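The values are calculated or read from the model by the stated rules, or taken from the named source; none is laboratory data. Because the structure is predicted, anything quoted here is derived from the model rather than measured. Cβ atoms come from the backbone with ideal geometry, glycine included; neighbour counts cover every protein chain shown.
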Amino acid sequence: MNKLQDIIEEIKILEKQLLVEFQKKEEEYFYRIKGNKVYFAEETKKYHKTLAKKIYSYLFDASFLNILTAPIIWFCIIPALFMDLVISIYQFICFKVYGIPLVKRNDHIMIDRQSLNYLNPIEKLNCVYCGYFNGLMSFIQEIAARTEQYWCPIKHARKLGAIHSRYHKFMEYGNHQSYLERLEEIRRDFKDLADTQ
């Protein structure tokens, strides 16, 4: 168990280092973040505008199959919006009942690429869609992870494709003693989130 905890702590340290490296890019590409907005230097914005591909060129150069499949991609926004509504209502009601800290949408759904002047309006719209959709999946996964910690904090026997943020707190598969003794403790162990709330 100590080895697993050591690996988890090492991952957290690496994630913090990764964030620092991402922040260094602000200086390299002449932008700064203030609150939720991104600001570029005026000269950079002007230069970026010269790089944006004209819409007619963008469409002319696009693959026919890309154009043909675009409506299918965009149709997915309907179930995504519905899922967003349902999961938001679920978390708002149930997490308060269970005593689970709410997941902040802004920590997951990032929509900022439309500020890039080297993108044309179609590219910007596509970037808004991807930022929303992928952020929504992250938001939903975190809500599901916290729910799983509350209701069924047991690791799986088989290898997972991806491990969510709460999995390290779960009990080992097959450890019935731990389940009987620690279930109530684990289902209420969200104190590590106090730093991020």
Quick one: S165 ticks every box in (1) more than 30 Å from E43 (Cβ to Cβ); (2) assigned to a helix (DSSP H, G or I) bar one, so which box is it? (2)
Going through the stretch 25-74 one residue at a time, which ones are closer than 16 Å to P121 by Cα, among the hydrophobic types (A, V, I, L, M, F, W, C) and either loosely packed, with under 10 Cβ neighbours inside 10 Å or touching a Phe, Trp or Tyr at 6+ places or on another chain (Cβ under 8 Å) (or both)? L51, A52, F60, W74
Which count do you get for residues in the stretch 102-127 that are among the polar types (S, T, N, Q) and touching a residue at least 40 places away in the same chain (Cβ under 8 Å)? 4
(1) outside the structural domain of V128 (by TED's automatic domain parsing); (2) among the polar types (S, T, N, Q); (3) modelled with pLDDT of 95 or more: which one isn't true of Q17, the others all being true? (3)
Evaluate the following for S178: is it in a helix (DSSP H, G or I) and either under 16 Å from the mean Cα position of the chain (by Cα) or not assigned by TED's automatic domain parsing to the domain that holds Y58 (or both)? yes
Of the listed residues (F30, F60), the one being of a type in the set (F, W, Y) and not assigned by TED's automatic domain parsing to the domain that holds P121 is F30
Residue among I143, I163, I154 that is crowded, with 16+ Cβ neighbours inside 10 Å, of a type outside the set (D, E) and under 16 Å from the mean Cα position of the chain (by Cα): I143
Going by the structure shown, is I11 surrounded by 11 or more Cβ atoms within 10 Å (Cβ to Cβ), under 18 Å from the mean Cα position of the chain (by Cα) and among the aliphatic types (A, V, I, L, M)? yes
Starting from residues that are of a type outside the set (A, V, I, L, M) and within 15 Å of I140 (Cβ to Cβ), keep the ones in the stretch 86-105 and report whichever is farthest from the chain's Cα centre (by Cα). C94
For the stretch 42-84, which residues satisfy the criterion of being in a helix (DSSP H, G or I) and of a type in the set (S, T, N, Q)? T44, T50, S57, N66, T69
Restricting to the stretch 1-44, what's the tally of residues that are closer than 24 Å to N117 by Cα and in contact with a helix residue (DSSP H, G or I) (Cβ under 9 Å, 6 or more places away or on another chain)? 10
